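Asks: Before anything else, here's the structure in question.
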Amino acid sequence: MTDFTPTRTASRLAGLTPFLVMEIMERALDLEARGRSVVHLEIGEPDASPPRAGLDAAAEALQLGQTRYTDSCGLLELRQAIADDYQARCGLRPDPATILVTPGTSPAMLLAFSLLLDSGGEVIMPEPYYACYPNFVRYCGGTVVPCVTRADESFAVDPERIRKLVTPQTRAIVLASPSNPTGAVQSLEVMRALAELGPPLVSDEIYHGLVYGEGEAHSALGLSDEVFVLDGISKRYSMTGFRLGWLVAPPWAMPSLRIMQQNFFISAAEPSQRAGLAALRSGEGTPSAMRREYSARRDQLVEGLRELGFGIPHSPQGSFYVLADAQRYGRDSLALAYGLLEEAGVAVAPGIDFGPSSEGMLRFSYAVSEASIREALKRMGRVLPEWEKKNEKEAQR
Ligand SMILES: Cc1ncc(COP(=O)(O)O)c(C=O)c1O
């Protein structure tokens, strides 16, 4: 009999690299399960409670048996509430028929790249970038074209430099503003210029509502006919585990997106959709008190990291991350991250996850309490002076 046991994985997987932030988190969970104490600054998961209305709606959905497949594009009420929310936040109401509700923003990303990319298609993205973008692109047969932005220029994106990277093979430009991992917020002029370059603009707006101080995050919605907006309830509503996101797409894209959704996911979970609907209607997306709290945590973390010796030329404006230069302690960011976890009990994200230009950097999340930040800084302060001396000696060799 023929043996059909697979002996190797599909070649499509060859380009996939681990999501290092998750690897660090999984190692941290493993240590905790064995009794070690770990302060979690690696994962971008808000510690605030989800809106009460969202929790109640999820509980009610379970009670009422609203636990079934829905329209593959999502409950109509939810798509209408998402459209209303854009109207309230951006002054523009997308047609609910152009909104596809997905089980998280990540699946929305997979669908967008699956739609846009053929083998050899190029996707331009400012670097440092969200760690998973390149993997989605490569998985869909595409090639990543990075455009490095610099810390001493506040990670500002220069549309002119992006324009020079556009070729006949360009299939999309991807932007996250506010950014993970830099916290940079791009101006409306930059967003508009990117949208007008020609290729579709995939605008990841999952950190909207999380901007501190002067800046303002701008939606790409309406900036051109070829804009794909990605968003969800994970960050703004502290509802990561509900796995609910969406994609606002040009009308031409909807039939294909719907077919992919029907086949790959069928629909987002109904209780999560009901919870998301209630959260959106409650208008409790990161209330101003929580934003003030994040802003205070950011200042505390930036100041503490600078005192320890990390390089942070500019304080980040949004999201809840600080990308800091750690080269004083070593160049290999993954080794530094594992070292901090094992020796200090502090979990952080290695810069290399966000592109080669972030090697030697570490990303710290301040989606945790001020007490946790204080403890993490204290723990790091115990090991870093020794590492610095070791690093200096090695550099002299
Ligand atoms: C920029 C960015 N986009 C998307 C996601 C994924 O979000 P979701 O939980 O909705 O899948 C994340 C998660 O950290 C992110 O940082």
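The values are calculated or read from the model by the stated rules, or taken from the named source; none is laboratory data. Everything numeric here is computed off the predicted structure, so don't read it as measured data. With ideal geometry, Cβ positions are generated from the backbone for all residues, glycine too; neighbour counts draw on all protein chains shown. Accessible surface areas use protein heavy atoms only, side chains included; no ligands, DNA or RNA. Shrake-Rupley method; radii C 1.70, N 1.55, O 1.52, S 1.80 Å.
Asks: Compute the FRET efficiency between Ala88 and Glu60 as 1/(1 + (r/R0)^6), taking r as their Cβ-Cβ distance and R0 = 22 Å, and round to the nearest 0.05.
Replies: Numbers: r = 24 Å, r/R0 = 1.11.
Taking R0 as 22 Å, the efficiency between Ala88 and Glu60 is 0.35.
Asks: So what are the ³J(HN,Hα) numbers for the range 334-346, from phi and the Karplus equation (6.51, -1.76, 1.60; θ = phi - 60°), rounded to whole Hz, Gly and Pro as x?
Replies: 3J(HN,Hα) across the range 334-346, in whole Hz: 5, 5, 4, 5, 5, x, 5, 5, 6, 8, 10, x, 10.
Asks: So, one more: Where a Cα-Cα gap under 25 Å defines reach, which lysines qualify for Lys393, not counting those fewer than 8 residues away within the same chain?
Replies: Within the straight-line limit of under 25 Å, Lys393 reaches these lysines: Lys378.
Asks: Still on this model: Based on the Cβ-Cβ distance from Arg306 to Arg36, what FRET efficiency comes out when R0 is 30 Å, to the nearest 0.05? Write out the running numbers ahead of the final one.
Replies: Numbers: r = 28 Å, r/R0 = 0.93.
My answer for the efficiency is 0.60.
Asks: Leaving out same-chain residues fewer than 8 places away, which aspartates and glutamates sit with a Cα under 20 Å from that of Lys164?
Replies: Counting by Cα, and skipping residues close in sequence, Lys164 has these aspartates and glutamates nearby: Glu122, Glu127, Glu153, Glu189, Glu196, Glu226.
Asks: Longest span of the chain, sites excluded, free of GluC sites (Glu not before Pro) in DSSP loop with at most 14 other C-beta atoms within 10 Å?
Replies: Numbers: sites that count: Glu196, Glu214, Glu216.
The longest such stretch corresponds to 1-195.
Asks: If you restrict to DSSP beta bridges whose two residues both lie in the chain, what percentage is antiparallel, to the nearest 5? Let's see the in-between values first.
Replies: Values: 17 of 36 bridges.
Roughly 45 percent of the beta bridges in the chain run antiparallel, per DSSP.
Asks: Hey, can you find the accessible area per residue of the chain for me, probe 1.4 Å, expressed in square angstrom?
Replies: 44
Asks: Around Ala193, with a cut-off of 10 angstrom between Cβ atoms, what is the net charge of the other residues, counting Lys and Arg +1 and Asp and Glu -1? Can you show the working numbers first?
Replies: Numbers: positive: Arg163, Arg192; negative: Asp158, Glu160, Glu189, Glu196.
The answer is -2.
Asks: Compute the acute angle (0 to 90°) between the alpha-carbon long axis of helix 254-264 and the principal axis of greatest extent of the alpha-carbon atoms of the chain; round to the nearest 10°.
Replies: Once rounded, one gets 70 degrees.
Asks: Please list, in order along the range 268-278, the HN-Hα scalar couplings obtained from phi with the Karplus expression 6.51 cos²θ - 1.76 cosθ + 1.60 (θ = phi - 60°), rounded to whole Hz, x for Gly and Pro.
Replies: 6, 4, 4, x, 5, 4, 5, 5, x, 4, 5
Asks: Now, a different point. Using the alpha-carbon atoms, what tilt in degrees (0 to 90, nearest 10) does helix 76-90 show relative to the longest principal axis of the chain?
Replies: 60
Asks: Add +1 for every Lys or Arg and -1 for every Asp or Glu among the other residues with Cβ under 13 Å from the Cβ of Glu42, and state the total.
Replies: Values: positive: Arg27, Arg363; negative: Glu23, Glu26, Glu32, Glu45, Asp353.
Computed value for this residue: -3.
Asks: To continue, here is another question. Please give the helix 370-396 orientation as an angle from the longest Cα principal axis of the chain, in degrees from 0 to 90, rounded to the nearest 10.
Replies: The helix 370-396 is inclined about 60 degrees to the chain.
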